[in-house]
């Protein structure tokens, strides 16, 4: 379940025998919180995601999210630095230590440009789309689909490279072709994805994420009003 985690002083925690100093809160949503912490052993900043677990199922889902991160060592998929489960009375908190991206998400960049009356250019969009596609390709190669691809779930690295995050919604991805009507539909979608196989065997649902990817590109171009 990961190494022990303890709060050794106000604003300081120990994860995997390394001390981290709380800097500020980055955000929250639902039953999770994200804090900015600094590693006192290396001076680097990290994002600490804390998931409140009220039931055993919550713990299992948090652990599964950590396991999804550990499946990949890919430049376009968010890495997991450490994972631990912290007891808080009758409840638990799952802690995921993740790299910190100072540029924020793709949606943050879209909103910043929008405030300036501008949008991402085609020269900026194409490398982003390529990085997103490579991340999805790695996910599909493991037999999974992201299932929640959107600008708020795409981080931007120092050089602007896209990094897919929020892997908690990932699940086994497959299509069972049943009948000529579905086979025809997949053929029509063939120009969108090369992952569909019309053999009747399960195949990664890459074409589903294609439409999510298309929606992402639309929002990058300023054609959508929400994340």
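The values are calculated or read from the model by the stated rules, or taken from the named source; none is laboratory data. Every value quoted in this text rests on a predicted model; they were computed, and no experiment measured them. A quick note on method: Cβ atoms are made from the backbone with ideal geometry, for glycine too, and the neighbour counts reach across all protein chains shown.
Couple of notes before you dig in:
- Flag for residue 92 being in contact (Cβ under 8 Å) with a residue 24 or more places away in the chain and more than 18 Å from residue 167 (Cβ to Cβ): yes
- Residue count for the range 109-122 under the criterion of being touching a residue at least 40 places away in the same chain (Cβ under 8 Å) and either in contact with a strand residue (DSSP E or B) (Cβ under 9 Å, 6 or more places away or on another chain) or on the phi > 0 side of the Ramachandran plot (or both): the result is 1.
Each row is one residue, and each column tells you yes or no for (1) part of a loop (DSSP other than H, G, I, E, B); (2) more than 16 Å from residue 50 (Cα to Cα); (3) modelled with pLDDT of 95 or more; (4) more than 16 Å from the chain's Cα centre (by Cα).
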position: 67; (1), (2), (3), (4): no, no, no, no
position: 75; (1), (2), (3), (4): yes, yes, yes, no
position: 80; (1), (2), (3), (4): yes, no, yes, no
position: 85; (1), (2), (3), (4): no, no, no, yes
position: 96; (1), (2), (3), (4): no, no, yes, no
position: 101; (1), (2), (3), (4): yes, yes, yes, no
position: 107; (1), (2), (3), (4): no, yes, no, no
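- For the range 122-141, the condition holds for no residue, the condition being that it is out of contact with any helix residue (DSSP H, G or I) (no Cβ under 7 Å at 6 or more places or on another chain), outside any helix (DSSP H, G or I) and crowded, with 16+ Cβ neighbours inside 10 Å.
- Residue match in the range 154-174 (condition: more than 25 Å from residue 97 (Cα to Cα) and either assigned to a helix (DSSP H, G or I) or at pLDDT below 90 (or both)): yes
- Verdict on residue 38 being surrounded by 13 or more Cβ atoms within 10 Å (Cβ to Cβ) and not in a strand (DSSP E or B): no
- Condition met for residue 117 (at pLDDT 85 or above, loosely packed, with under 13 Cβ neighbours inside 10 Å and over 14 Å from residue 77 (Cα atoms)): yes
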